[in-house]
Amino acid sequence: MLLGDQHVVVVDLGFGDAGKGATVDWLCANGSVSAVVRFNGGAQAAHNVVADGRHHRFAQFGSGTFAGVPTLLSRHMLVEPIALAAESVALARLGVADPLALLRIDGDALLTTPIHVAANRAREDARGAARHGSCGLGIGETADYALNHRAPTVADCRDPRQLTRLLDDLAKHYAPLIGDRIGSIAELVTLYREFAAAVRIVGPDTLARFAAHGRLVFEGAQGVLLDEWRGLHPHTTWSTVEPRYARGMVESLGAHPYVLGVTRTYLTRHGAGPFPTEDPTLALPEPHNSTGEYQGAFRVGHFDPILLRYAIEACGGVDGLSVTHLDQRSGVRSAAAYLTDNGVVDALRCGPWQDLAYQEHLTRILSSARPVLEDLPADPVHAIGSLLHTPVALTAHGPSRADRVPAAVAGAAG
């Protein structure tokens with residue numbers, strides 16, 4: 001069994017879309033996993049899983065759902081009930097029996113509402129050409145509002161009076177920005193009461209209960225290069241992507257996790273922000289990602305060990321790699337260094353945590369960077385492991401569950 005009985009944290013080392021969902025699905029397929037725990041992000045996630053002739057883009061449900069593995073949305077998640085209900089319907093149409101029965105939601109998780117979504121889109125629209133690359137799904141507004149206000153949580157959905165007061169306060173706060181786009185608070189309260197009746201809202205003891213019946217897989221969202229404190233500010237997400245929260249949850253169980261970093265054989269980025277190895281001439285098929293209304297274009301570029309080593313450092317190290325898209329390497333090379341306005345750069349270092357000025361400094365450097373490219377060796381798996389100073393644990397040679405191979409088996413076959 002890959003990784004033994006350890007709890008596994010799956011984290012994307014790039015800008016997202018590296019194959020976290022498919023990696024989680026594969027880990028869950030052998031029956032050893034008791035739950036998938038989502039530890040960051042919200043409804044903006046888009047984790048594509050292809051298994052047994054089915055395809056789904058997982059957003060809030062964990063990517064072990066096709067394997068029948070329950071999902072725990074931890075208190076670090078931002079929960080959007082309307083999108084969650086739509087995702088449940090989509091999963092049912094794909095043959096998942098009673099998807100909501102597989103779901104547990106921590107009552108302390110923040111609630112993302114249509115008010116947050118409208119405010120997010122209004123701000124991003126106002127930025128014009130200086131857009132940050134937001135998904136437009138209210139994530140940043142949900143997190144930002146909660147910094148200085150009593151924000152609505154999932155548990156509040158069981159208390160109509162409390163929820164009405166909190167939503168009224170939220171609407172008043174955003175009225176100058178979004179005006180009459182707020183809609184009916186009463187209708188929203190009714191909808192959220194129905195949501196609370198349909199799902200299982202749980203407390204902090206649920207994590208240990210799941211762990212008593214098998215190992216846990218912690219599924220991250222977005223990528224470390226988009227992390228709110230370690231990413232290339234301001235083109236980041238309002239979410240802690242690097243695995244400190246997942247590590248904390250595992251350590252609360254008296255254990256230590258195996259952190260599995262996911263990367264493609266090339267880099268991608270969805271939306272605005274620096275991307276030193278971007279190369280629009282790379283002809284790499286992308287059936288599951290496209291231009292988003294708010295994110296912008298889906299961009300591709302060469303393998304970038306400089307950024308990926310930075311991401312690994314930002315994670316506090318990872319134990320192994322899941323290398324995906326080994327079937328799509330036509331024309332892909334690797335960055336040995338950058339030529340920048342500050343000279344030749346072949347390494348990036350993490351600054352102090354929560355130091356946004358340092359992250360903006362990195363963004364300025366990388367915005368002018370031109371990559372010095374070299375060919376990847378004939379054995380890309382060994383090369384990637386060497387370039388990132390981390391052993392490869394899992395490889396993927398196509399989009400489906402059947403295309404994933406433990407690295408030792410892949411090496412023996414080669």
Exercise. Looking at (1) closer than 29 Å to P276 by Cβ; (2) modelled with pLDDT under 95, find the lone condition where G385 falls short.
Key: (2)
Quiz item: Among the residues of the range 89-102, which ones are assigned to a helix (DSSP H, G or I), in contact (Cβ under 8 Å) with a residue 24 or more places away in the chain and more than 18 Å from R38 (Cα to Cα)?
Solution: A90
Quiz item: Is it the case that some residue within the range 209-216 is under 13 Å from the mean Cα position of the chain (by Cα) and not polar (S, T, N, Q)?
Solution: no
Quiz item: Hey, among V50, V69, V36, which residue is touching a Cys at 6+ places or on another chain (Cβ under 8 Å), part of a strand (DSSP E or B) and farther than 16 Å from D227 by Cα?
Solution: V36
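Can we say D180 is among the charged types (D, E, K, R) and closer than 22 Å to A198 by Cα?
No, not satisfied.
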Quiz item: Which ones in the range 250-264 are surrounded by fewer than 24 Cβ atoms within 10 Å (Cβ to Cβ) and among the polar types (S, T, N, Q)?
Solution: S252
Practice problem: Determine whether F15 is touching a residue at least 12 places away in the same chain (Cβ under 8 Å) and part of a loop (DSSP other than H, G, I, E, B). | Solution: yes
Quiz item: Is it true that some residue in the range 250-273 is out of contact with any Pro (no Cβ under 6 Å at 6 or more places or on another chain) and under 22 Å from A151 (Cβ atoms)?
Solution: no
Practice problem: From (1) out of contact with any helix residue (DSSP H, G or I) (no Cβ under 9 Å at 6 or more places or on another chain); (2) surrounded by fewer than 22 Cβ atoms within 10 Å (Cβ to Cβ), pick out the condition that doesn't hold for M77. | Solution: (2)
Self-check item: Residues satisfying the stated conditions in the range 309-333, i.e. acidic (D, E) and closer than 17 Å to V381 by Cα
Solution: D319, D327
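Here is a yes/no grid of residues against (1) in a strand (DSSP E or B); (2) farther than 18 Å from A146 by Cα; (3) of a type in the set (D, E):
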| site | (1), (2), (3) |
| --- | --- |
| S63 | no, yes, no |
| E87 | no, yes, yes |
| R104 | yes, yes, no |
| D108 | no, no, yes |
| R127 | no, yes, no |
Quiz item: Somewhere in the range 28-49, is a residue modelled with pLDDT under 95, in contact with a strand residue (DSSP E or B) (Cβ under 7 Å, 6 or more places away or on another chain), surrounded by fewer than 21 Cβ atoms within 10 Å (Cβ to Cβ) and aliphatic (A, V, I, L, M)?
Solution: yes
Quiz item: Are any residues in the range 375-401 small (G, A, S), touching a residue at least 24 places away in the same chain (Cβ under 8 Å) and over 19 Å from D304 (Cβ atoms), and if so, which ones?
Solution: A393, G398, S400
Exercise. Could you check how many residues of the range 308-342 are of a type outside the set (G, A, S) and free of Cβ contacts under 8 Å to residues at least 40 places away in the same chain?
Key: 5
Quiz prompt | Hits in the range 159-216 (condition: surrounded by 15 or more Cβ atoms within 10 Å (Cβ to Cβ), among the β-branched types (V, I, T) and without any contact (Cβ under 8 Å) to a residue 40 or more places away in the chain) | solution = T164, I185, V189
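The values are calculated or read from the model by the stated rules, or taken from the named source; none is laboratory data. These figures come from a predicted structure and were not determined experimentally. As a convention, Cβ positions derive from the backbone with ideal geometry for all residues, glycine included, and neighbour counts pool all protein chains shown.
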